[in-house]
Each structure stands twice: as structure tokens, then as C-alpha cells.
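First up is the structure itself, then whatever we jot down about it.
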Amino acid sequence: MPTIQDLLPELEAACDKLLWRSETDYPFEVAIFADQQVPSVDALLGSYPENTPVAVVSLDDFFGQSTLERSWFDSRELTLVERYRNLRDLLETALENLQVYRIGRGEMDVYLLGQTEDEQVIGVKTKIVET
């Protein structure tokens, strides 16, 4: 398991120009919560209005169909599937206590966070739009 210094460049490269496809495409960005344990739901919700809904889902539930190749995909879509797989695999293998938080309704913030070897919290965040 890598340290935060080892993992940061890998995460930045994995997120570079990678968009999460939903009703509106949003970029993935590296998220760092230095000197913390994996944030609790309450800690993540601190900057959101009271009663903001939050769901904790598995990594596989989040990535779901986006990591599956289809026979009709063109090269651009196949490249995107591969990038999603690479990001999922990097998070899964490099982080302990990995959690995926979906915060909000309609337009949601999503955090995929875990701990590094040096017990720092890092991961990625994006937005998804579902109406």
C-alpha cells in the first residue's frame, strides 16, 4: 500500500481529463483530507445544508456499467471504459477502508476516499447529475 506522496501523482494522472458521464459530464479531481481518518458522513456533510441526503455505496455500485465493454463501442468509448477500470483498480488496490459517498439529490457530489499506508485520507471526487 503506497503513501500519500507515492499515490498522489498516480491519482492525478488517472484523473487527468477524465469525465464522469451522467446527464452532465464532470471531471474527476483528487481529494485530500490530510491528517484525518476516513471522514465520517457527518464530517463530509459539514459544508452542506442540514438534511442533505447521503448514501454510502460500494465501489462496484458506483462504477457499475461504466467499466463494461460492449460490442458496439467505438475506440473512444473503449478507451473511456479502460480509464474507468484503471481508476477503480488504483483506488481499490492502493487504499484501505475505501468508502464511496454520494451527497445530495439530483446534482450530487461523489467522494471515493480511503487511507494510504501513512494513514492519510485521499481519493477522488466528482459530480453526477440524475433527474
Roughly what % antiparallel, to the nearest 5, for the DSSP beta bridges in the chain? 100
Around T3: net Lys/Arg minus Asp/Glu count, Cβ-Cβ under 9 Å: -3
The extension gain from E12 to E92, computed as 0.36 nm times the residue separation minus the Cα-Cα distance, is 27.2 nm
Counting other Cβ atoms within 10 Å of each Cβ, which trypsin sites (Lys or Arg not before Pro) in the stretch 43-131 have at most 16 and sit in a DSSP loop? R70, R105
Of all stretches in the chain that avoid GluC sites (Glu not before Pro) placed in a DSSP loop and having at most 12 other Cβ atoms within 10 Å, the longest is 70-129
Which residues make up the longest stretch of the chain clear of chymotrypsin sites (Phe, Trp or Tyr not before Pro) that lie in a DSSP loop with no more than 15 other Cβ atoms within 10 Å, not counting the sites? 1-71
Contour minus Cα-Cα distance for R76 and V30 (0.36 nm per residue): 14.2 nm
Starting from one equal scatterer on each C-alpha and no solvent at all, send me the Debye-based log10 I(q)/I(0) for the stretch 74-117 at q = 0.24 Å⁻¹, two decimals. -0.86
Between W20 and residues 5 or more places away or on another chain, the pairs with built amide H atoms under 5 Å apart involve Y26, F28
Gain in span if fully extended, T3 to A55, counting 0.36 nm per residue against the direct Cα distance: 16.0 nm
List the residues whose amide H sits under 5 Å from the amide H of T3, counting only those 5 or more places along or on another chain, with H placed 1.01 Å from N in the peptide plane. E117
What whole-number volume per residue, in cubic angstrom, does the convex hull of the C-alpha atoms of the stretch 12-131 give? 106
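Bear in mind that the values in this text are calculations on the coordinates, not laboratory data. The structure displayed is predicted, hence computed values, not measured ones. Positions of Cβ are backbone-derived with ideal geometry, glycine not excepted, and every protein chain shown enters the neighbour counts.
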